[in-house]
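Below is one structure, written out as C-alpha cells, with a few remarks after it.
The values are calculated or read from the model by the stated rules, or taken from the named source; none is laboratory data. Being a predicted model, the structure only gives us computed values, none of them experimental. Glycine gets a Cβ as well: all are built from the backbone with ideal geometry, and neighbour counts include every protein chain shown. Side chains included, ligands, DNA and RNA excluded: accessible areas come from the protein's heavy atoms. Shrake-Rupley method; radii C 1.70, N 1.55, O 1.52, S 1.80 Å.
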Amino acid sequence: MDGDSFFASVEQALDWRLRGKPVVTGGERGAATAMSYEAKKMGVRRSMTMREIKRVCPEAIVVPSNYTAYSIYAHRMYKIVRSFTPEVEEYSIDECFADITGLTERYGKTYEEIGQMIKAQLEQDLGITFGVGLAPNKTLAKVASSKNKPAGFTPLPREAIPEFLKDLPMGAIWGVGFSTSMQLERMGVRTALDFATKDRAWLKEKKVSLPYQKIWAELNGGFARRLGEDGDERIGSIIKSHTFRPTRDRDYILSQLSSNLEAACAKARRHNVKARFCRFYLKTQDFTYAGLTLDLTVPLTDPREFLRAIEARFDDIHDPGETYRATGIGLYALTRDDSVTPDIFGESVRVEQEAPLIDAIDHLNHKYGRHTVFLGESFGAVTDGEASRREREERRFALPIHQRKKTISIPHLGVVR
C-alpha cells in the first residue's frame, strides 16, 4: 500500500478548500517536498524552488510541511491494515507491506478481493487514495503499486510476471539504484526480464551479492525478502545546514557545503548508520533554493565519497551570478552499519578499506577537539568559523568579570589538507 502524493493528500484531507487544487508542501524549506497530482499535471516537480513553482504553476498553493499530521496519518494507515492482518511491515511514512497469505478462508474472498477491500477501507477512513500492488512477494508488489497511480490497484499473478517485466527497466526495481542499473546495462541487462532470465551460473560468475540474488529470486516469483528485513533498519535522516555571509565566491560556498557534509557524516558514524542517498542545496540571498538528490552506489559515511559525487554535480545548480547565503546537506535512507551487505560489484569493499583512516580522524577530533583534522575542501568554512568564534570570545572577555561565561580552552593541532 502506497499513499498517493501522501503529504499533499493529507493537507487536502485536512482542509477541504485544498481539494482538487495544485497543492505543494515544503514552504518552510523554500523547495517542493511533495505535490498533489493537480500540481504534477501543471509541471511541478520535487525539489523545485518557489520561483520555479510559480513560473510553471502560478496558481499553486504552497503550504509548510506538517510532519506531525503526516505521522498521525501514517500510524492510522498501519492500524487499518493491521485490522485485516497482523503481518504488516511499516516501510515508510506513506507505505507499508501486508502479508495476506491464508486469509481467503477467513474472509471468503479471493486475494484480489481482499486487496481491494483493504484499499477501500484505507481510502474511506483516511480520505486519501492509495496505489496498491498485489503479488507473490515484496519486490513485485512494490513495483505493481506504482503501476496505475493514482488510486490504482494492480494484481500481478505469477503467470503474468514475464509480460509485466519485459519492458520494465532495472532502475524501476525496488533496491536497484541508478549506478547499479547502468553497470548491469553495460553487461547486457537492460530490463527486469533480462535479469530474471539469467541462470544461477551467471549470478555466480558475476559474483552477484545476496541482496541482488533475492531480487532475482523474487522477479522469478519466489519469496526471498521476508516482512521486516527491509523496513526495520530504516532510521530516518540527518540534516546539517549553515548560514554565512552573503557571497558569490564559489570555492567558499563549496567549502561551507563540505563542512556541513563532514558534520553530517560524523553524526552518522556516531550513530552507527550509513546513508544510501544524499541531497544538497544552495540558498540564495533572495531566499530561493536549488538542490539535487544523489543516489550512491553503496551506503556511506565517508565524506570524501559523498564530496566526489557532489563536486561532479555542483555546477548544475550553482549560478555564478547569484549571491548565496546558506548551504545544506541531508543524508537519507539510513541503515544500521552492521546491516549493510556487499554490493554487486564490490564497491563496498573499496570503501571499507578506507574506514581505518576515517576512524583515526574521528579519534583525533574526539581527543583534541572538533576541527582538529578536517577536509581541505572545508578550509574556508572552518577558518571563517574559528575567526568568528574568537571574535565572540574577545567580546565576551571585554565584559566585567561577573558577567563573563565560563570558557574552556581546547588545544588545536591545525589543519590536515
Return the sequence-ordered ³J(HN,Hα) values of the range 323-336 in whole Hz as given by the Karplus equation 6.51 cos²θ - 1.76 cosθ + 1.60 applied to θ = phi - 60°, using x for Gly and Pro. 9, 10, 10, 7, 9, x, 9, x, 10, 10, 6, 6, 10, 4
Efficiency of FRET between N66 and K207 - r from beta-carbon atoms, R0 56 angstrom, step 0.05: 0.75
Based on the mean of other beta carbon atoms within 10 Å per residue, what is the order of 165-174, 127-136, most packed first? 127-136, 165-174
Expressed to two decimals, the range 172-307 has a Cα Rg over Rh, using the Kirkwood radius, of 1.08
Extreme residue, positive dipole direction of the chain, given options L364, A13, H75 (C-beta unit charges): L364
Efficiency of FRET from Cβ geometry, K147 and K54, R₀ 41 Å, rounded to 0.05: 0.80
Counting Lys and Arg as +1 and Asp and Glu as -1 over every other residue whose Cβ sits under 15 Å from the Cβ of R325, the net charge comes to 0
Would you please put 221-228, 204-211 in order of how densely packed they are, using the mean number of other Cβ atoms within 10 angstrom per residue and starting with the highest? 221-228, 204-211
Taking every C-alpha to C-alpha distance in the range 63-112 and binning by 10 Å from 0, the per-bin percentages run 23, 43, 23, 9, 2
P(r) for the range 2-102: what percent of alpha-carbon pairs falls in each 5 Å bin, starting at zero? 2, 14, 23, 19, 15, 11, 8, 5, 2, 1, 0
Considering only L294, G221, L254, whose Cα is most displaced toward the positive end of the charge dipole of the chain, charges sitting on Cβ of Lys, Arg (+1) and Asp, Glu (-1)? L254
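Could you give the accessible area per residue of the range 71-202, probe 1.4 Å, as a whole number in Å²? Don't skip to the answer; put the middle values down first.
Values: 6440 Å² over 132 residues.
With the other protein chains kept in place, the range 71-202 gives 49 Å² per residue.
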Between the range 28-87 and the range 235-311, what's the alpha-carbon centroid distance in Å? 23 Å
With only alpha-carbon atoms counted, please give the Rg and Dmax of the range 76-204, in Å. 16.4, 49
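Quote the charge dipole size of the range 32-112 about the Cα centre in Debye, to the nearest 20; the model charges only the Cβ of Lys and Arg (+1) and of Asp and Glu (-1).
Working: 12 positive and 11 negative charges, 105 e Å.
Approximately 500 debye in magnitude.
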What is the pair-distance distribution P(r) of the chain, computed from all Cα-Cα distances in 10 Å bins starting at 0, with each bin given as a whole percent? 4, 18, 25, 26, 17, 7, 2, 1, 0
Using a basic spin-label model with each label point 7 Å from the Cα along Cα→Cβ, how many nm lie between D249 and R190? 5.0 nm
I'd like the accessible area for F287: 1.4 Å probe, protein heavy atoms, all chains in place, Å² to the nearest 10. 120 Å²
List, in order, the whole-Hz ³J(HN,Hα) value for each residue of the range 106-120 obtained from phi through the Karplus relation with A = 6.51, B = -1.76, C = 1.60 and θ = phi - 60°; use x for Gly and Pro. 4, 9, x, 9, 6, 4, 5, 5, 5, x, 5, 5, 5, 4, 4
Which far-off residues, 5 or more places away or on another chain, put their amide H under 5 Å from the one on G43, with H placed in the peptide plane? none
